[in-house]
Amino acid sequence: MWSLLKRYYRPLFVGFLLLFPLVAFLLGGSKGRGTFFVDRAIIAVTSPIQQGLTSAIEGSISAVQNYLDLRGVRQENDALRLENLQLRAAVQALGESRMENERLRKLLGYAEAEPGPEIPARVVGVNPVAKLLSVRISSGEQQGVFRGMSVVTPDGIVGQVIRATGGYADVALVTDPQSRVAVRVQRSRARGTAAGTGGGPLKLENMLRTEDVEDGDLIITAGTDGVYPPGMVVGRVTNLEKKEHGMFRGADIVPAVDTSKLEEVLVVGSPYSAMAPGSTAEGASK
């Protein structure tokens, strides 16, 4: 018995304190006002306990409510975060579409301004091998593309078709080490050759030392190599050699087209390009 009392004395004591006012009230009804002081004392003792229990219950209810509210806010934040990501992706896609439309509009305007057929194509593959810098485009023999045709953009020349199949074609870039393009200085009409170096600037070769050429001069195609039509932009002269002796002098040509960022191109069909499948790009460029 003592062990049970010792074990449960706290609940029993609290129960006693809670029940005592009721018992006192019942007894006070028969004894009159003699226990008024005792009632006040018991109420004074039990009130803090009741307030503590009430505060604990209200605190628990408030904690549960705050947890539910916080969970709802977290779910709402997750939904808003997902919506924000979706909107950002949509904005990025719209921006990319706008830039693509601008490139295609520029390409279409160039094609309408140039005589002869122009076949649009997308760059779908890149061959970065040093011996043959080339890209693969999405137009081939089915679209009228043949070996030897020149490939350009509104900014300038890109390269020459070296292989064509049913729906694709491979284009050797002007930066390829084997590429040679007959060019002239637009301002002075001086002639020379633009040679690929495997990347970066082209080399201006076969330019007579006595010719009028300066840094910043615009280099265009001469149209004498049987590949590119005349007057197409190649690039601008930089790092011009200042020689007082010798027959030739060299320079770098910064290409007008960044071939590492190609996306859309035009394949140019004209009397200047070999449109028959039997023509050779290597022979045309020499």
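The values are calculated or read from the model by the stated rules, or taken from the named source; none is laboratory data. Keep in mind it's a predicted model, so treat the numbers as computed, not measured. Positions of Cβ are backbone-derived with ideal geometry, glycine not excepted, and every protein chain shown enters the neighbour counts. Remember, those area values only see protein heavy atoms, side chains included, never the ligands or the DNA or RNA. Shrake-Rupley method; radii C 1.70, N 1.55, O 1.52, S 1.80 Å.
Of everything in the stretch 104-147, what is within 24 Å of GLY235 (Cβ to Cβ), at pLDDT 90 or above and open to solvent by less than 80 Å² (accessible area, probe 1.4 Å)? Give them in sequence order.
ALA121, VAL123, SER134, VAL135, ILE137
Looking at this structure, is ALA169 closer than 28 Å to VAL145 by Cβ and not charged (D, E, K, R)?
It is true that ALA169 is closer than 28 Å to VAL145 by Cβ and not charged (D, E, K, R).
If ARG187 passes every condition in (1) crowded, with 21+ Cβ neighbours inside 10 Å; (2) out of contact with any Gly (no Cβ under 6 Å at 6 or more places or on another chain); (3) among the charged types (D, E, K, R) but one, which one does it miss?
The one condition ARG187 does not meet is (1).
Does the stretch 226-263 hold any residues that are crowded, with 18+ Cβ neighbours inside 10 Å and touching a helix residue (DSSP H, G or I) at 6+ places or on another chain (Cβ under 7 Å), and which are they?
VAL227
Could you list, in sequence order, the residues of the stretch 193-235 that are under 21 Å from SER260 (Cβ atoms) and assigned to a loop (DSSP other than H, G, I, E, B)?
Correct list: GLY196, THR197, GLY198, GLY199, GLY200, PRO201, TYR228, MET232.
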